[in-house]
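Structure, as structure tokens:
The values are calculated or read from the model by the stated rules, or taken from the named source; none is laboratory data. The structure displayed is predicted, hence computed values, not measured ones. Methodologically, a virtual Cβ is constructed for each residue, glycine included, from the backbone with ideal geometry; neighbour enumeration extends over all protein chains shown. To get the accessible areas, we keep the full protein, side chains included, count just its heavy atoms, and leave off ligands, DNA and RNA. Shrake-Rupley method; radii C 1.70, N 1.55, O 1.52, S 1.80 Å.
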Amino acid sequence: MTASVSPLLEQDRDDWETLYCAYAHFYNMPMDDEILDTIWSWIFDGEQAFYCLLAKNEQGKGIGFMHYRAMPSPIRGQMVGFLDDLFVQPECRGSGVVDLLFDTLHDSAKDKGWPFIRWITADNNYRGRAVYDKLAEKTQWQTYQMTVE
């Protein structure tokens with residue numbers, strides 16, 4: 001498969017929505033138009049350091065995406081990158097698309113002066129974790145989440 005990766009464009013909305021809804025479904029998270037509109041606005045808001053890469057197949061159809069952003073690292077006194085979301089259509093997995101996405105993410109982070117990119121994933125995301133183990137170093141940190149009501 002020949003694929004390409006570039007920043008998300010306004011005309012990519014339908015492909016992005018399809019992919020993002022599939023991603024939310026994978027994680028059993030609800031998705032609606034309000035959430036989609038909010039995320040879309042973050043991507044195209046020049047004041048937000050929130051970005052999206054879109055992988056497309058030979059026909060120009062979206063087959064995968066990444067959402068990532070700047071994140072302050074106070075102990076370092078600098079910004080680092082944080083990868084929030086990554087999804088590749090199941091039929092395209094294993095074809096090198098995720099490698100292209102990570103290569104483009106790496107280049108973007110380098111351009112932004114980030115020393116690294118951090119991310120989390122579900123413990124049971126075995127296929128994803130197998131890829132991540134090849135691409136990155138697993139940190140010693142455990143993730144916790146406190147619900148605020």
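Assorted remarks:
- Computed over the chain with a Gaussian network model linking Cα atoms closer than 10 Å, the most mobile of Thr104, Thr38, Thr121 is Thr38.
- Projecting the Cα atoms of Gln48, Ile75, Trp16 onto the charge dipole of the chain, computed from C-beta unit charges around the Cα centre, puts Ile75 farthest toward the positive end.
- Listed residues Trp114, Thr139, Asn125: farthest to the positive end of the dipole of the stretch 39-149 (Cβ charges): Thr139
- Centroid-to-centroid separation of the stretch 59-133 and the stretch 23-39 [C-alpha atoms, Å]: 19 Å
- Between Lys134, Lys112, Lys61, the residue with the greatest mean-square fluctuation in the GNM of the chain (Cα pairs under 10 Å linked by springs) is Lys134.
- Residue ranking by accessible heavy-atom surface, 1.4 Å probe, largest first, among Tyr51, Tyr132 comes out as Tyr51, Tyr132.
- Cα gyration tensor shape for the chain, rounded if a/c is under 1.5, else prolate or oblate: rounded
- Structure-based [θ]222 nm, the chain - -39500 (n - 2.57) summed over DSSP H runs of at least 4, per residue, nearest 500: -11000 deg cm²/dmol
- Greater than 26 Å apart at Cα, pairs in Lys56/Lys134; Lys61/Lys138; Lys56/Lys138: Lys61/Lys138; Lys56/Lys138
- Cut-off 15 Å between beta-carbons: net charge of the residues surrounding Ala3, Lys and Arg +1, Asp and Glu -1: -3
- Label reach from Lys61 (point 7 Å along Cα→C-beta): in the stretch 75-91, amide nitrogens under 17 Å belong to 88-91.
- The stretch 1-56: C-alpha gyration tensor shape, a/c 1.5 cut-off, then a/b vs b/c: oblate
- Solvent-accessible surface of the chain, taken per residue with a 1.4 Å probe and all protein chains present: 66 Å².
- Cα→Cβ-extended label distance, 7 Å offset, between Phe44 and Thr18, nm: 1.9 nm
- Pairs of Cα atoms nearer than 8 Å and 6+ residues apart set the relative contact order; for the chain it is 21 percent.
- Local electrostatic count at Gly62 - Lys and Arg +1, Asp and Glu -1, tallied over other residues with Cβ under 11 Å: -1
- Total charge dipole magnitude, the chain, about the Cα centre, Cβ charges on Lys, Arg, Asp, Glu only, Debye to nearest 20: 800 debye
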